[in-house]
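A quick write-up on the structure given underneath.
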Amino acid sequence: MCTATITNIVSHSGWNYISCSSCSKKLKKSKSSLYCQKCAKSQSVGVLSFRIEVIVDDGKDSATFVIFDEDGSTITGATAEEIIRDSPEHVKDIPKCVQSIVGETYLFEIRIKEKDFQTSYQNFTVSKIHKHIKSTPVDSNLGNKRKEREEENQKEESENLRKKPHV
Ligand SMILES: [Zn+2]
């Protein structure tokens, strides 16, 4: 267990993956379908899931943590499927609700594998985020930014409503 603050998101790693609906393993794409190696099924049903790589700092050291689906939903307040349904253009870009976890401090439970210690940088899988400890402003304007973001979302929402065709 460790208390650490998310200082950045490793954006080139994306924020999601297609997982097997029965075992959550990453699905492999074959010619026309998705294949799960664990279930050994070629017509696996894929579910979009969180896989967020973040840089965390515990005040002494920094490390890379990988946050998976359930915790991803807990800290963003939405499921990966919901995010993609609302903004399909964000399949590669990091959506706002994921970006907003930067600056948040959580109590993490991490899984340590032997091989983690053999790599030059420390990369840990988060097995559970136990609780939110605190929010640290990323900069002094964060409060305002939060508010702006909310207002922006509301604006987007009303624009979306307007965009709907009149029947
Ligand atoms: Zn599977």
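The numbers here are math on the coordinates, done by the rules we state, and not lab data. Every value quoted in this text rests on a predicted model; they were computed, and no experiment measured them. When we count neighbours, we look across all protein chains shown, and the Cβ atoms used for this are built from the backbone with ideal geometry, even at glycine.
Explain nothing, just compute: Karplus ³J(HN,Hα) = 6.51 cos²θ - 1.76 cosθ + 1.60, θ = phi - 60°, for every residue of the range 124-136 in order, whole Hz, x for Gly and Pro.
10, 8, 7, 8, 6, 9, 7, 7, 7, 8, 6, 10, 10
Say the cut-off is 21 Å between C-alpha atoms; which of LYS29/LYS92; LYS26/LYS92; LYS29/LYS128; LYS28/LYS92; LYS25/LYS128 go over it?
Table pairs above 21 Å Cα-Cα are LYS29/LYS128.
Taking 0.36 nm per residue of separation and subtracting the Cα-Cα distance, what length does fully extending ILE133 through GLU109 add?
Taking 0.36 nm per residue and subtracting the Cα distance, the gain is 7.3 nm.
Starting with the fewest neighbours, write out CYS36, CYS23, CYS97 ranked by other beta-carbon atoms found within 10 Å of each beta-carbon.
CYS23, CYS97, CYS36
Mind checking the full-extension length gain between TYR35 and ASP86? Use 0.36 nm per residue of separation minus the Cα-Cα distance, one decimal, nm.
15.7 nm
Pull up all non-local amide H partners of GLU104: gap of 5 or more, or a different chain, and H-to-H distance under 5 Å with H placed in the peptide plane.
Answer set, sorted by chain and number: ILE6, THR136.
In terms of modelled amide H atoms, which long-range or inter-chain residues lie less than 5 Å from the amide H of ARG51?
So ARG51 has HN proximity to ASN16, TYR17.
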